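Engineer: My questions all concern the structure below.
The values are calculated or read from the model by the stated rules, or taken from the named source; none is laboratory data. Since the model is a prediction, treat every value here as computed from it, not as a measurement. Note that each Cβ is placed from the backbone with ideal geometry, even for glycine, and that neighbours are counted across all protein chains shown.
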Amino acid sequence: MFLVLLRFAHNKGQAPRLMAGHTDWIAQGFADGVFLLTGSIKPGLGGAILATGCTRDALEQRIAADPFVAEQVVTAEILEIEPGRVDDRLSFLSA
């Protein structure tokens, strides 16, 4: 499982121009079963993604295809998490 932090970078001002492509990219991640959750990092620092079901290499390629990453609106940090103890409500994550 991976946590991806997308932190705003020097080209943040281009976000409105690229938002439709970024939104489509997120939708594709959910459609492909890779993204479990997306959301904002508060206060206005960028975004975060919880991803699973792929290799790190495949995730890196997917992240590179995000228009926000490609146009340096955000920088991406990928953290790999190996679930240890998991609440029953999230037991599918440790499968």
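Engineer: Return the residues of the stretch 62-76 that are in a helix (DSSP H, G or I), more than 25 Å from PHE92 (Cα to Cα) and without any contact (Cβ under 8 Å) to a residue 60 or more places away in the chain; say none if nothing qualifies.
Structural biologist: Residues satisfying the conditions are ALA64, PRO67, ALA70.
Engineer: ASP66 is checked against (1) in contact with a strand residue (DSSP E or B) (Cβ under 8 Å, 6 or more places away or on another chain); (2) surrounded by fewer than 16 Cβ atoms within 10 Å (Cβ to Cβ); (3) among the acidic types (Asp, Glu) and fails just one. What number does that condition carry?
Structural biologist: (2)
Engineer: Please name all residue pairs, on different chains or six or more residues apart, with Cβ atoms under 6 Å, provided the first residue is in the stretch 1-28 and is farther than 22 Å from THR52 by Cα and the second residue is in a strand (DSSP E or B) and modelled with pLDDT of 95 or more.
Structural biologist: Short answer, once both residue conditions are applied: PHE8/GLY46; PHE8/VAL74; ALA9/VAL74; ALA9/THR75.
To keep it simple, each residue is scored yes or no on (1) out of contact with any strand residue (DSSP E or B) (no Cβ under 8 Å at 6 or more places or on another chain); (2) among the acidic types (Asp, Glu).
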site	(1), (2)
ALA31	yes, no
LEU37	no, no
GLY46	no, no
LEU50	no, no
ASP57	yes, yes
GLN61	yes, no
THR75	no, no
ILE78	no, no
VAL86	yes, no
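Engineer: Going by the structure shown, is THR55 in contact with a Leu (Cβ under 9 Å, 6 or more places away or on another chain), closer than 16 Å to LEU3 by Cβ and without any contact (Cβ under 8 Å) to a residue 60 or more places away in the chain?
Structural biologist: Taking the combined requirement at face value, the residue does not satisfy it.
Engineer: GLY46 fails exactly one of the following numbered conditions: (1) closer than 26 Å to SER91 by Cβ; (2) in contact with a Phe, Trp or Tyr (Cβ under 7 Å, 6 or more places away or on another chain). What is the number of that condition?
Structural biologist: So GLY46 meets the others, but not (1).
Engineer: May I pose another question? If I ask for residues that are loosely packed, with under 12 Cβ neighbours inside 10 Å, in a helix (DSSP H, G or I) and not aliphatic (A, V, I, L, M), which ones from the stretch 25-61 would you list?
Structural biologist: Across the stretch 25-61, the qualifying residues are ARG56, ASP57, GLN61.
Engineer: Still on this structure, please answer the following. Report every pair of residues separated by at least 6 positions or lying on different chains whose Cβ atoms are under 8 Å apart, first residue within the stretch 79-95 and part of a helix (DSSP H, G or I), second of a type in the set (Ser, Thr, Tyr).
Structural biologist: Filtered contacts from the stretch 79-95: LEU93/THR52.
Engineer: Do we have ALA48 as touching a Gly at 6+ places or on another chain (Cβ under 9 Å) and either touching a residue at least 60 places away in the same chain (Cβ under 8 Å) or closer than 20 Å to GLN14 by Cα (or both) here? Reasoning before the result, please.
Structural biologist: Values: touching a Gly at 6+ places or on another chain (Cβ under 9 Å): yes; either touching a residue at least 60 places away in the same chain (Cβ under 8 Å) or closer than 20 Å to GLN14 by Cα (or both): yes.
Answer is yes for this residue.
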